[in-house]
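As structure tokens, the structure follows; a few thoughts come after it.
The values are calculated or read from the model by the stated rules, or taken from the named source; none is laboratory data. On a predicted model such as this, the values are computed, not experimentally measured, just so you know. Positions of Cβ are generated from backbone atoms using ideal geometry, with glycine treated the same way; all protein chains shown enter the neighbour counts.
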Amino acid sequence: MTHILVTGGAGFIGSHLCDYLIKKGNDVICMDNLFTGRKESIEHLLRTKSLEFIEHDIIEPFFLGHIEQIYNLACPASPIQYQVNAIRTIKANTIGVINVLGLAKKHHARILQASTSEVYGDPLEHPQKESYRGNVNTISRRACYDEGKRVAETLYFDYHRQHGVDIRIARIFNTYGSRMALDDGRVVSNFIVQALRGEDITLYGSGEQTRSFCYVDDLIEGLYKMMEQTEITGPLNLGNPEEYTIRQLALLIKKETKSVSRIVESPLPEDDPVKRKPDISNAKHFLGWDPKTPLLDGLRKTITYFRSVL
Ligand code: UDP
């Protein structure tokens with residue numbers, strides 16, 4: 001049994017990770033400030049003795065007892081949410097990251113950072129390998145997240161070089177599945193909710209921009225494997241390399257939900273990346289990891305989830 005801290009543990013990915021770690025027989029402390037995370041997502045785990053919930057923002061200093069591993073997922077991750085309070089988003093990725101790295105140093109704990117494909121910005125290399133250094137606009141509305149996550153990676157490596165902290169960095173690409181918030185603003189949840197309610201499906205821009213969508217169960221396995229192996233620190237891409245235009249996604253969701261919704265174009269947000277697709281050769285090689293869930297299968301499960309909560 002390992003004593004594990006999951007920050008952002010009541011969020012979409014965090015709550016699935018807590019489920020997985022507890023199923024593996026670990027003791028989990030789930031820390032969340034509940035800004036985007038929701039207690040309902042971990043309610044079923046609160047009844048077990050294996051999970052302790054602490055409502056806390058990692059921006060504020062904190063101390064804990066014995067910890068062997070830390071997964072740092074604490075940061076709002078959807079563009080709408082991380083722009084609500086941009087300065088707070090930067091604080092989570094700087095002050096908050098320094099706090100969790102300090103904790104890892106104190107406890108000699110291994111620490112995994114949930115980094116992001118956003119570190120590549122609007123990429124000029126396609127697909128994106130980990131060696132690609134990115135194309136980020138430092139002054140855009142997305143920069144609080146993109147640049148925040150970039151400096152977080154820098155902090156991890158500085159703590160690693162200067163203090164010998166045992167780090168792992170996973171760059172997570174677009175992920176979807178159950179427990180995404182209805183009003184999260186991300187494309188998969190928006191389209192499914194709009195389609196099920198018969199509202200207009202809002203295609204930002206022409207819908208020709210692409211993304212590659214990873215089903216949450218696949219991602220969780222990747223995160224776990226990344227944490228458990230001892231060969232590499234990363235950064236390592238985790239995502240599903242199947243690439244779709246956003247228009248294709250809208251059509252697929254409309255068809256699968258048998259929706260009467262219209263697909264309407266609306267303004268494209270500032271600095272919206274034109275394309276995104278991970279090169280996952282390193283994840284395949286070092287982790288033996290490959291996402292198993294095709295988009296259609298994952299979407300069907302996600303649609304079933306949203307039907308149950310609407
Ligand atoms: N998008 C869209 N309609 C929506 C929400 C998002 O067309 O209702 C587009 C968005 O402009 C982007 C893509 O879908 O090109 C993915 O957006 P999301 O916010 O899910 O994540 P991102 O990859 O941009 O962080």
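Is it fair to say Gly239 is within 16 Å of the ligand (Cβ to nearest atom), surrounded by 12 or more Cβ atoms within 10 Å (Cβ to Cβ) and of a type outside the set (Lys, Arg)? So that I can check it myself, show each step before the final result.
Values: within 16 Å of the ligand (Cβ to nearest atom): yes; surrounded by 12 or more Cβ atoms within 10 Å (Cβ to Cβ): yes; of a type outside the set (Lys, Arg): yes.
Yes.
Looking at the structure I just gave you, is Tyr224 in a strand (DSSP E or B) and either within 30 Å of Asp166 (Cβ to Cβ) or within 14 Å of the ligand (Cβ to nearest atom) (or both)?
no
Only residues that are basic (Lys, Arg) and either within 8 Å of the ligand (Cβ to nearest atom) or touching a Pro at 6+ places or on another chain (Cβ under 6 Å) (or both): list them for the stretch 176-190, please.
Hit for the stretch 176-190 is Arg186, nothing else.
Looking at the stretch 244-267, which of its residues are within 8 Å of the ligand (Cβ to nearest atom) and either surrounded by 15 or more Cβ atoms within 10 Å (Cβ to Cβ) or within 22 Å of Pro127 (Cα to Cα) (or both)?
The answer is Ile246, Leu249, Ala250.
When the residues of the stretch 194-215 are filtered to those that are part of a helix (DSSP H, G or I) and buried (at least 22 other Cβ atoms within 10 Å of the Cβ), which remaining residue is nearest to the ligand (Cβ to nearest atom)?
Looking at the filtered set, the residue picked out is Gln194.
Looking at (1) more than 9 Å from the ligand (Cβ to nearest atom); (2) touching a residue at least 12 places away in the same chain (Cβ under 8 Å); (3) farther than 20 Å from Ala77 by Cβ, which is the only condition Thr230 fails?
Tallying (1) more than 9 Å from the ligand (Cβ to nearest atom); (2) touching a residue at least 12 places away in the same chain (Cβ under 8 Å); (3) farther than 20 Å from Ala77 by Cβ, Thr230 fails exactly one: (2).
Search the stretch 105-155 for residues being assigned to a loop (DSSP other than H, G, I, E, B) and of a type in the set (Asp, Glu), and hand back the single one that is nearest to Thr89 (Cα to Cα).
If we take residues in the stretch 105-155 being assigned to a loop (DSSP other than H, G, I, E, B) and of a type in the set (Asp, Glu), then Asp122 is nearest to Thr89 (Cα to Cα).
Could you please let me know if Val274 is within 16 Å of the ligand (Cβ to nearest atom) and in contact with a helix residue (DSSP H, G or I) (Cβ under 7 Å, 6 or more places away or on another chain)?
no
Within the stretch 259-269, is there a residue that is touching a Pro at 6+ places or on another chain (Cβ under 8 Å) and farther than 25 Å from Gln113 by Cα?
There is at least one residue in the stretch 259-269 that is touching a Pro at 6+ places or on another chain (Cβ under 8 Å) and farther than 25 Å from Gln113 by Cα.
What are the residues in the stretch 238-267 that are part of a strand (DSSP E or B) and within 21 Å of the chain's Cα centre (by Cα), if any?
Leu238, Glu243, Tyr244, Thr245
State yes or no: is Gly102 surrounded by fewer than 21 Cβ atoms within 10 Å (Cβ to Cβ), outside any loop (DSSP other than H, G, I, E, B) and not hydrophobic (A, V, I, L, M, F, W, C)?
yes
Here's the yes/no breakdown for (1) among the β-branched types (Val, Ile, Thr); (2) in contact (Cβ under 8 Å) with a residue 12 or more places away in the chain; (3) touching a His at 6+ places or on another chain (Cβ under 6 Å):
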| residue | (1), (2), (3) |
| --- | --- |
| Gly102 | no, no, no |
| Val119 | yes, yes, no |
| Ser140 | no, yes, no |
| Ala181 | no, yes, no |
| Glu208 | no, yes, no |
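Which pairs do you get when a residue that is closer than 21 Å to Gln81 by Cβ, found in the stretch 184-198, comes within reach of a residue that is near the ligand (Cβ under 8 Å from one of its atoms) and not small (Gly, Ala, Ser), reach meaning Cβ atoms under 6 angstrom, with the pair 6+ apart or on two chains?
Gly185/Ile80; Phe191/Ile201; Gln194/Ile201
When you look at Thr304, is it in contact (Cβ under 8 Å) with a residue 60 or more places away in the chain and hydroxyl-bearing (Ser, Thr, Tyr), yes or no?
No, not satisfied.
Restrict the check to the stretch 115-125 and report whether at least one residue is closer than 18 Å to Ala10 by Cα, modelled with pLDDT of 95 or more and among the polar types (S, T, N, Q).
Of the residues in the stretch 115-125, the ones closer than 18 Å to Ala10 by Cα are 115.
Filter again for modelled with pLDDT of 95 or more, leaving 115.
Adding the requirement that they be among the polar types (S, T, N, Q) leaves 115.
Yes, the stretch 115-125 contains at least one residue that is closer than 18 Å to Ala10 by Cα, modelled with pLDDT of 95 or more and among the polar types (S, T, N, Q).
Per-residue answers, yes or no, for (1) in contact with a His (Cβ under 8 Å, 6 or more places away or on another chain); (2) in a helix (DSSP H, G or I):
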position: Pro269; (1), (2): no, no
position: Lys275; (1), (2): yes, no
position: Asn282; (1), (2): no, yes
position: Asp290; (1), (2): no, no
position: Thr293; (1), (2): no, no
position: Gly298; (1), (2): no, yes
position: Thr302; (1), (2): no, yes
position: Tyr305; (1), (2): no, yes
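Any residue in the stretch 159-172 that is farther than 19 Å from Lys292 by Cβ, assigned to a loop (DSSP other than H, G, I, E, B), of a type in the set (A, V, I, L, M) and away from the ligand (no atom under 13 Å from the Cβ)?
Checked the stretch 159-172: at least one residue is farther than 19 Å from Lys292 by Cβ, assigned to a loop (DSSP other than H, G, I, E, B), of a type in the set (A, V, I, L, M) and away from the ligand (no atom under 13 Å from the Cβ).
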